[in-house]
Each structure stands twice: as structure tokens, then as C-alpha cells.
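Visitor: Supplied in C-alpha cells, the structure appears directly below.
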Amino acid sequence: MTTAPRSAAARDAALAAVAIAALTLPDPQRSRPGTRHLLRLGSAAVAGWAGWRAASSSDVPFVPPAAFGAAAGAAAALALSPVEDATDRWLDTGLRRAGVRHPRPVMAVAAAALGAFAWLTDRPAADEDEEWVPVDELYQERELDPALRALVGAMIGAGDPAAATALRQQLATARAKALGDEFESTVMLSVDEDGPRVVPHTQVWPVRARWSIREHPVELLLQLDRGRLDHVALMPLEEAYADDVDPYEDSPVDDPDNSWPTVAEVSLVRETPDGFSAVAG
């Protein structure tokens, strides 16, 4: 058995994961009507692609099977878009109530993983003899960017000293998990699971790093899961934008030409009961 079909399947799954994550990351409730319509069309396109792929080896009369599958998938996605919006709103609200202040990156990563898994396990009949690739294998581990490691270290050091001790040990072993070599605004982290954990297990670390990209203010958030470093997410600083401006459309946080700044180029802020305050020094 050649590796070409498996490579094609892994490539398609990776593309599907990226597409699904990109469609999940924007919040429909904060989007303009035109943007919401484009998100629905994007979902329909992905569903149509999935339908074309699933039906390509089926025996559907009167029309080419692949065309039938694409049309059926796209039509179903558009018809169910109100249900999808309601589900998205319910999940977003539930995560915020659970303490996730910025749930969109978490939802995007989860949707990408589920989409890739479904893509790899629901293949045309012609591919039944191929070995499917686990979703985790799509995310290749690599060395954590030194500048990003330094930023995370500075954020950890400005937080609770007791928790910081454990997180520093985790950071020492941390590696990045990514789909490719391009710059990614959300970086998944892999750490030694035998190391110490912090409490609460699930939290957004109260210290953030802020700077500007081409005069657009952004902030770096650090998410913990099960008491360990889970991921960092580069987000637009929403409070700096006017109410009629969508920061996720206007901000260049996903620009692949971005690179991580040095610690000296950012300002650290700590969350307090009264909001955020600057970290001295």
C-alpha cells in the first residue's frame, strides 16, 4: 500500500480542520448580518465538500453522485443554520459561565479536532483499506518559539507565586503543537504530564501581555486545562474598538507575517476585582 492516498486523506483532514476552525472562531452574535451570511455560506461550502466526498463512490441515480452529495450537504447546512447558530450561542454562553472568558479559540480548536476526526473516519468506500490517521497526529510537536516561551514565562512570573512555581516547571518542558510551520495566533502546548499541577485546574491565567500590531492593540491570553499549560491565544483587545467595529475583522492577529515580540516590547497587566491593572517593573 502506497503512502500517497494516506497523505491525501491527512491533507484533506487538515484542510477541513483549518476551515472548520476558521468558521467557528468568529462569534456570529457579534457579527454583522453580512458576515453571518458569509459564515453560513462557508459552512455550507464545507458541508458540500464533505457531501461530495461521501457520495463520490455511491450509486445515486440521475445525477453524478458527487454533485448530488455536494448539493445535499450544502442545502442541509443552510437549512440547519438557525439550529447551528442557537447551538453556538448555547455553547458560548456555557463556556463563559464555566469561567472561560474567551471561548472562541477553545471552540475553534475543538471543532477543528472533531471535524478532522469525522473527515478521517468517514471516507469513501474506495479508501476503506487505508489506515486512517489519528487527529493528534495532524498536530506535529515542535520546539516552542523562544520569544513566545519568554513571553509566557514573564506572564507566569507576574502571577500567583505558588502557582507560578509549578507552571515554570511545566514551561521548561513545553513544546508547541501545530498543523504546519506557519505563524499561528493560537498555539497549543504540550507539557510533561508527570509534573505538578495548579488549582483551579481550568482557568485563564490572570496576567496578560499587551502590545500593538500595526497600531492595532492585541493581548496574549494563557489558558490552563487540568492544571497544566494548554494553549496561548493572541486576541484583539476588544475594549479598544468602537462598538460598531468588529475587532476580529479589523485586527491583524491572524496575519502570517506576524512574529512574537520580546518581553521588553509588551506591557503586562493583571486581572483584579476592579479590572486590569499594570504590572509594576
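The values are calculated or read from the model by the stated rules, or taken from the named source; none is laboratory data. Predicted model only: the values in this text are computed from it and were never measured. Quick reminder, even Gly has a Cβ in these numbers, built from the backbone with ideal geometry, and neighbours come from all protein chains shown. Remember, those area values only see protein heavy atoms, side chains included, never the ligands or the DNA or RNA. Shrake-Rupley method; radii C 1.70, N 1.55, O 1.52, S 1.80 Å.
Visitor: Can you pull out the residues in region 158-186 that are at pLDDT below 90 and buried (at least 16 other Cβ atoms within 10 Å of the Cβ)?
Guide: If the condition is that a residue be at pLDDT below 90 and buried (at least 16 other Cβ atoms within 10 Å of the Cβ), then Lys177, Ala178, Leu179, Phe183, Glu184, Ser185, Thr186 are the ones that fit.
Visitor: Identify, by number, the condition in (1) assigned to a strand (DSSP E or B); (2) surrounded by fewer than 16 Cβ atoms within 10 Å (Cβ to Cβ) that Ala233 doesn't meet.
Guide: Ala233 satisfies every listed condition except (2).
Visitor: Suppose the filter is at positive phi, modelled with pLDDT under 90 and not in a strand (DSSP E or B); does Gly281 pass it?
Guide: Considered against the rule, which asks whether it is at positive phi, modelled with pLDDT under 90 and not in a strand (DSSP E or B), Gly281 comes out as yes.
Visitor: Looking only at region 149-205, count how many residues are touching a residue at least 60 places away in the same chain (Cβ under 8 Å) and of a type in the set (D, E, K, R).
Guide: 1
Yes or no, residue by residue, for (1) open to solvent by less than 40 Å² (accessible area, probe 1.4 Å); (2) closer than 18 Å to Gly99 by Cα; (3) in a strand (DSSP E or B); (4) at pLDDT 90 or above:
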position: Met188; (1), (2), (3), (4): yes, no, yes, yes
position: Ala209; (1), (2), (3), (4): yes, no, yes, yes
position: Val218; (1), (2), (3), (4): yes, no, yes, yes
position: Leu222; (1), (2), (3), (4): yes, yes, yes, yes
position: Leu229; (1), (2), (3), (4): yes, yes, yes, yes
position: Asn258; (1), (2), (3), (4): yes, no, no, no
position: Arg270; (1), (2), (3), (4): no, yes, yes, yes
